[in-house]
1. Any chance you could run the full-extension gain for residue 77 through residue 96? It's 0.36 nm times the residue separation minus the Cα-Cα distance, nm to one decimal.
2. Calculate the dipole size of segment 27-121 relative to its Cα centre from +1 charges on Lys and Arg beta carbons and -1 charges on Asp and Glu beta carbons; express the result in debye to the nearest 20.
3. Loop-only trypsin sites (Lys or Arg not before Pro) in segment 34-122, please: DSSP not H, G, I, E or B, and at most 16 other Cβ atoms within 10 Å.
4. Among bridges DSSP assigns within segment 31-96, what percent are antiparallel (round to 5)?
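Every read-out reported here was derived from the displayed coordinates using simple, explicitly stated rules and does not represent laboratory data. Since we're looking at a predicted model, the values are computed, not measured. Reconstructed Cβ throughout: ideal geometry from the backbone, glycine too, with neighbour counts over all protein chains shown.
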Amino acid sequence: MPSHRHVRRALVFPLAAALAACALVPAEPVTVVAQNIEFTPKVIQLPAGQGFHLTLDNRDDGIPHGLSLQTRTSGVEPDELWASQIQIGPTRAEYDIPALAAGPYLLICPVHPNMQVELNVG
Ligand SMILES: [Cu+2]
């Protein structure tokens, strides 16, 4: 029968390794391009618990776009967690977004609600 000491070490080591791996891999900066009243990319995957740098690259001349970050849980009313200013293109705007809990989110243009990016965190 293993001693308590052995059991504890077996549990702690994988956790320490997982934390070290997280610390070594910062969240990639994210760029959302708005062109022809469409966002690219359509889906973004991010690690949970890490802030990230978000760029909105509005390439639509004379057309306003923005980003609203919302929760996306089926059957639940979306919650707006953050919103950028509306920017008239062509222009680039950069934002620092705080760490998000794991889960599904949506980036949506308040001016054109059919412009959407699925943001999956976790
Ligand atoms: Cu828009």
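1. Working: separation 19, 0.36 × 19 = 6.84 nm, distance 2.52 nm.
Length gained between residue 77 and residue 96: 4.3 nm.
2. Working: 4 positive and 11 negative charges, 21 e Å.
Computed charge dipole of segment 27-121: roughly 100 debye.
3. Values: sites: 42, 59, 72, 92; in loops: 42, 59, 72.
Here the sparse-neighbourhood loop sites are 42, 59.
4. On the way: 14 of 19 bridges.
Just about 75 percent of them are antiparallel.
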